[in-house]
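Supplied in structure tokens, the structure appears directly below.
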Amino acid sequence: METSITSYTGRFAPSPSGHLHFGSLVTALGSYLRAKSQQGKWLVRMEDLDPPREMQGATKHILQTLEDFGLNWDGEVLYQSQRHEAYQHLLDAWLSSDQAYYCSCTRKRITELGGIYDGYCHHKNVSEKHSAIRLVNTEQQTLFYDELLGEIHVPKDFASEDYILKRRDGLYAYQLAVVADDAAQGITEVVRGSDLLTSSMHQHTLFGKLKTQAPKWLHLPLVVSPDGRKLSKQNHAEPLDRMQPKPLLIKALAVLNQPTSPDLLDFDLESLLHYAVKHFDMTLIPKSNQTQRQN
Ligand code: GLU
């Protein structure tokens, strides 16, 4: 008997700032198929890092929607709101070893600089009060590899910027939390939308600071409306119709350019996903964004 031992661990990491929409389904499905087609684990992490931007009830609604679509995750859901201690622990270690520093620069100043921070507060002994924390970014790496898109080049000033790890308002920054969690959860490959492609460069280098091997990266095409805008919660994308999992999954498979079958709609949900896992072919995924009308 052929045994396949793999240690692939992937994840889907929604922010509860709204309900899942069709673009989120494409990302969730893409990461699910990639993990399951390699007999891997697929984890769900709730990125509830920013309470003011949270929508009441969204966490529960997102998890129920994933269940309605048959996208069952492995293990327990990890909540970033319960990980503050781990994030602070990393920051304290970096602050005490000059790998991070307090910064009191205003957004106005950074805008005047053209948007890229110039390291002004490093070595200035800025008070901790009302300050952000920035990384001492010693990386000059401007290139990383995406499993689908190939080599990704990032402008040098962006790649080497001392970016924010904790905001002035006391909230932990996405870049810090996501890397701390991907490392702690043993994620071997990050599959997500290509809107986060440049963030991945920053995260890639942050893994070096953690002395952890960075995961592989795979960025999926975005679903954009006919006027070219990304379907997103901010753009008021319609929530997924939880009564229509099968047609919407088939539509998401089409966006990912995956094999479908004319009788797929007659399958039960589990068999449909089983078919999709079995026929999943990463090389067929389009490299450019896909235009879709909502519903
Ligand atoms: N929480 C992010 C979002 O909903 C995704 C983060 C990630 O996949 O790393 O856009």
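Scan the range 189-200 for residues that are polar (S, T, N, Q), within 12 Å of the ligand (Cβ to nearest atom) and over 16 Å from Met282 (Cα atoms) and report the count.
In the first step, residues of the range 189-200 are kept if they are polar (S, T, N, Q); the result is 194, 198-200.
Keeping just the survivors that are within 12 Å of the ligand (Cβ to nearest atom) gives 194, 199-200.
In the following step, the residues that additionally are over 16 Å from Met282 (Cα atoms) were identified as 199-200.
Qualifying residue count for the region: 2.
Specify which of the listed residues (Tyr174, Tyr163) is over 19 Å from Gly150 (Cβ atoms), within 14 Å of the ligand (Cβ to nearest atom) and surrounded by fewer than 22 Cβ atoms within 10 Å (Cβ to Cβ).
Values: Tyr163 fails: within 14 Å of the ligand (Cβ to nearest atom).
None of the other options fit; the residue is Tyr174.
If you don't mind, another one. Consider Leu25 carefully, then state whether it is more than 13 Å from the ligand (Cβ to nearest atom), buried (at least 18 other Cβ atoms within 10 Å of the Cβ) and part of a helix (DSSP H, G or I).
Here the answer is no, as Leu25 does not meet what is asked.
Just for the range 206-217: of the residues that are surrounded by fewer than 22 Cβ atoms within 10 Å (Cβ to Cβ) and either under 19 Å from Asn257 (Cβ atoms) or not small (Gly, Ala, Ser) (or both), which one is farthest from the ligand (Cβ to nearest atom)?
Lys211
So, one more: Looking only at the range 112-128, decide whether some residue is away from the ligand (no atom under 16 Å from the Cβ), assigned to a loop (DSSP other than H, G, I, E, B) and of a type in the set (Phe, Trp, Tyr). Talk me through it step by step, then tell me what you get.
Let us first name the residues in the range 112-128 that are away from the ligand (no atom under 16 Å from the Cβ), namely 112-128.
Going one step further and asking which of them are assigned to a loop (DSSP other than H, G, I, E, B), we end up with 113-128.
Subsequent filtering for residues that are of a type in the set (Phe, Trp, Tyr) retains 117, 120.
Yes - at least one qualifying residue is present in the range 112-128.
Taking the conditions exactly as written (assigned to a helix (DSSP H, G or I), more than 13 Å from the ligand (Cβ to nearest atom) and surrounded by fewer than 20 Cβ atoms within 10 Å (Cβ to Cβ)), does Leu63 satisfy them or not?
In short, yes.
Another one. Looking at Ser7, is it more than 10 Å from the ligand (Cβ to nearest atom), hydroxyl-bearing (Ser, Thr, Tyr) and not in a helix (DSSP H, G or I)?
So Ser7 fits the description; yes.
Does Glu139 count as at pLDDT 95 or above, in contact with a helix residue (DSSP H, G or I) (Cβ under 9 Å, 6 or more places away or on another chain) and surrounded by 12 or more Cβ atoms within 10 Å (Cβ to Cβ)?
So Glu139 fails the test.
Please enumerate the residues belonging to the range 177-188 that are farther than 27 Å from Glu128 by Cα and within 12 Å of the ligand (Cβ to nearest atom).
Of everything in the range 177-188, those that are farther than 27 Å from Glu128 by Cα and within 12 Å of the ligand (Cβ to nearest atom) turn out to be Asp182, Gln185, Ile187.
Restricting to the range 242-273, what's the tally of residues that are of a type outside the set (Gly, Ala, Ser), surrounded by fewer than 14 Cβ atoms within 10 Å (Cβ to Cβ) and touching a Ser or Thr at 6+ places or on another chain (Cβ under 8 Å)?
Qualifying residue count, the range 242-273: 0.
OK, next. Applying the selection to the range 38-58, what residues are in a loop (DSSP other than H, G, I, E, B) and in contact with a Pro (Cβ under 6 Å, 6 or more places away or on another chain)?
The answer is Asp48, Glu54.
Looking only at the range 45-63, which residues are on the phi > 0 side of the Ramachandran plot and at pLDDT below 95?
none
The values are calculated or read from the model by the stated rules, or taken from the named source; none is laboratory data. Because the structure is a prediction, the values reported are computed rather than measured. Glycine also receives a Cβ, built like all others from the backbone with ideal geometry; neighbour counts cover every protein chain displayed.
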